[in-house]
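What follows is a set of notes on a single structure, which appears directly below.
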């Protein structure tokens, strides 16, 4: 059985967090990827991570992922990201 991996959504805008989170949950459901989601919203931590001006961002494993700065992550892009990560982790070739 696979264990859940962690996604951290880094953002400070409440409306964008809600929209991105909804899209993340829908994308996870469509890809059957096993991830837990946590939110990092504290401005000082965002600054220390070097993400000011780069929000929203996703941290998955040791990698950071961004979409369009200032826009929530769209479901379609998240599905593609999760499929890529699952294929890459399982050693499958990209198509």
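The values are calculated or read from the model by the stated rules, or taken from the named source; none is laboratory data. Remember, it's a predicted structure, so these values are computed and weren't measured experimentally. Using ideal geometry, Cβ is built from the backbone for each residue, glycine included, and neighbour counts are taken over all protein chains shown.
Figures for the structure shown
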item	result
Output for the range 7-34, where each listed residue is touching a strand residue (DSSP E or B) at 6+ places or on another chain (Cβ under 8 Å) and at pLDDT 95 or above	7, 8, 9, 10, 11, 17, 20, 21, 24, 25, 28
Test: residue in the range 4-26 that is surrounded by fewer than 17 Cβ atoms within 10 Å (Cβ to Cβ), in a loop (DSSP other than H, G, I, E, B) and at positive phi	no
Residue list for the range 35-51, restricted to those being touching a residue at least 40 places away in the same chain (Cβ under 8 Å) and either out of contact with any strand residue (DSSP E or B) (no Cβ under 6 Å at 6 or more places or on another chain) or assigned to a strand (DSSP E or B) (or both)	35
Residue tally, condition over 12 Å from the mean Cα position of the chain (by Cα) and more than 19 Å from residue 50 (Cβ to Cβ), over the range 61-77	2
Residue, modelled with the lowest pLDDT, within the range 57-91, restricted to residues that are under 21 Å from residue 29 (Cα atoms), assigned to a loop (DSSP other than H, G, I, E, B) and in contact with a helix residue (DSSP H, G or I) (Cβ under 9 Å, 6 or more places away or on another chain)	61
